[in-house]
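K.L.:
Have a look at this one before I ask anything.
Coordinate-derived values only; no laboratory data. None of the values given here were measured: they were computed from a predicted structure. Because the Cβ atoms are built from the backbone with ideal geometry, glycine has one as well, and the counts that use them run over all protein chains shown.
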Amino acid sequence: MKPVINIKTISDINKFVQHKTKHPLVTIIDFSKMDEVMEDGIRISCDFYSVMFKNYCANNMRYGRQSYDFQEGSLVCIAPKQVVTMDNEIEKKEDMMGWGLFFHPDLLLGTSLGSKMKEYTFFSYETSEALHLSDKEKETLYDCIEKIETELQENIDHYSQTLIVSNIELLLNYCQRYYGRQFITRKGSNRTIVEKVADVLTNYFNSNELNKNGLPSVTYLAEKVNLSPNYLSDLLKKETGMNAKDTIHYYLIEEAKRILLGTNKSISEIAYELGFEYPQYFSKLFKQKTGNTPQEFRNLK
């Protein structure tokens, strides 16, 4: 396996693709104007955010464990410090189409977008969970890119950061909307995933896994259905109204109710059986989810 190339600054990535630096904290790269195709198997980690749109299917990328063949009109967003592997078939230069927006977290310091970035959970999706765009959606995003590019052509002044960041925020808000649309249009396959999640959690709570390994994590659940934790959580929220953590807690509380009403075990015994190190944490969660303490719920029967 090849070592990871860490690209620290916007100037570094511009040098990497032989692109002129117009602003130290943000750049837009037109992939059709790149002189060379990246080496096969190259592994890259950047210290900044990447939003990449590819309008062809020759290129293959891997992010984490997943691989993804870019279909026509697909967009992927990658957070800083994530490792991306380029698995390239040799491409003809004329086949390379698309754009990349790269911006450093320092650009967002002191802005409202800086405090909102954690809300854009798609930056932690796998590339296999890329956003597939309609022609109209492509045009809308490209309009944002053109506005940013126009601003990059200007001399940096007091208004530069505000105008660039506001257009990046607009682009990310559109991405959030389009992901919401994608969850809806893929409702059939999403329901299959919801059913898989139900099966995984039911089997987990019906086996001795709880005693051996404690409460299942969101990461564990995501791995079982071959999705990233954030994508799974957002999918479940759209389909069921509960994110991944809430879904795990739902099955936990249902199991707790079963034990409370079906046995004479003490609250502490039940808490330990359910994987809690401290019984008071179990009681607090149970009351939060049901409105009653475990003992109050038991007394209701």
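K.L.:
If exposed means no more than 16 neighbouring beta carbons inside 10 Å and the site is in a DSSP loop, what's the longest run of the chain without any exposed GluC sites (Glu not before Pro)?
P.N.:
Here the longest run is 155-276.
K.L.:
Right, next: Rounded to the nearest 500 deg cm²/dmol, what is the calculated helix-only ellipticity per residue at 222 nm for the chain, with -39500 (n - 2.57) per DSSP H run of length n ≥ 4?
P.N.:
-15000 deg cm²/dmol
K.L.:
Starting from the Cα-Cα distance between Thr202 and Tyr250, subtract it from 0.36 nm times their residue separation and give me the gain in nm to one decimal.
P.N.:
Difference between extended and current length: 16.2 nm.
K.L.:
Moving on. Given the options Asn208, Asn55, Asn173, which has the most mean-square fluctuation in a GNM of the chain, springs set between C-alpha atoms less than 10 angstrom apart?
P.N.:
Evaluated over the chain, the most mobile residue of the options is Asn208.
K.L.:
I'd like to compare 24-34, 104-114: which one has the highest average count of other Cβ atoms within 10 Å, and what's the full order after that?
P.N.:
24-34, 104-114
K.L.:
Moving on to the next point. Which one is right for this structure if P(r) over Cα pairs in 10 Å bins from 0, in percent is calculated from it: (i) 6, 28, 33, 22, 9, 2, 0; (ii) 5, 23, 27, 19, 13, 8, 3, 0; (iii) 6, 25, 32, 23, 11, 4, 0?
P.N.:
(ii)
K.L.:
If you take every DSSP beta bridge whose two residues both sit in the chain, what share of them, in percent to the nearest 5, is antiparallel?
P.N.:
90
K.L.:
Now for a different question. FRET efficiency for Thr9 and Gln288, Cβ-Cβ distance as r, R0 = 51 Å, nearest 0.05?
P.N.:
Result of the calculation: an efficiency of 0.70.
K.L.:
Calculate, for Gln18 and Asp157, the FRET efficiency according to 1/(1 + (r/R0)^6) with r their C-beta to C-beta distance and R0 35 Å; round to the nearest 0.05.
P.N.:
With R0 = 35 Å, the Cβ-Cβ based efficiency is 0.80.
K.L.:
Something else about it: Compute the separation of the alpha-carbon centres of the stretch 247-283 and the stretch 185-203 and state it in Å as a whole number.
P.N.:
25
K.L.:
In the stretch 188-299, what is the count of Lys pairs whose alpha carbons are under 23 Å apart, counting only pairs at least 8 residues apart or on separate chains?
P.N.:
Going through the stretch 188-299 pair by pair, I get 29.
K.L.:
Still on this model: Between Asn173 and Gln295, what FRET efficiency follows from the Cβ-Cβ distance if R0 is 41 Å, with the result rounded to 0.05?
P.N.:
0.30
K.L.:
Among Phe102, Phe297, which comes first, then next, by fewest other beta-carbon atoms within 10 Å?
P.N.:
So the residues, fewest neighbours to most, are Phe297, Phe102.
K.L.:
Still on this structure, I have one more. Each residue of the stretch 254-266 in order: what ³J(HN,Hα) in whole Hz does its phi give by Karplus 6.51 cos²θ - 1.76 cosθ + 1.60, θ = phi - 60°, with x for Gly and Pro?
P.N.:
Going residue by residue, I get 5, 5, 4, 4, 4, 5, 4, 8, x, 9, 9, 5, 5 Hz, with x marking Gly and Pro.
K.L.:
If the chain between Lys187 and Tyr278 were fully stretched, how many nm would it gain, using 0.36 nm times the residue separation less the Cα-Cα distance?
P.N.:
Gain on stretching Lys187 to Tyr278: 28.8 nm.
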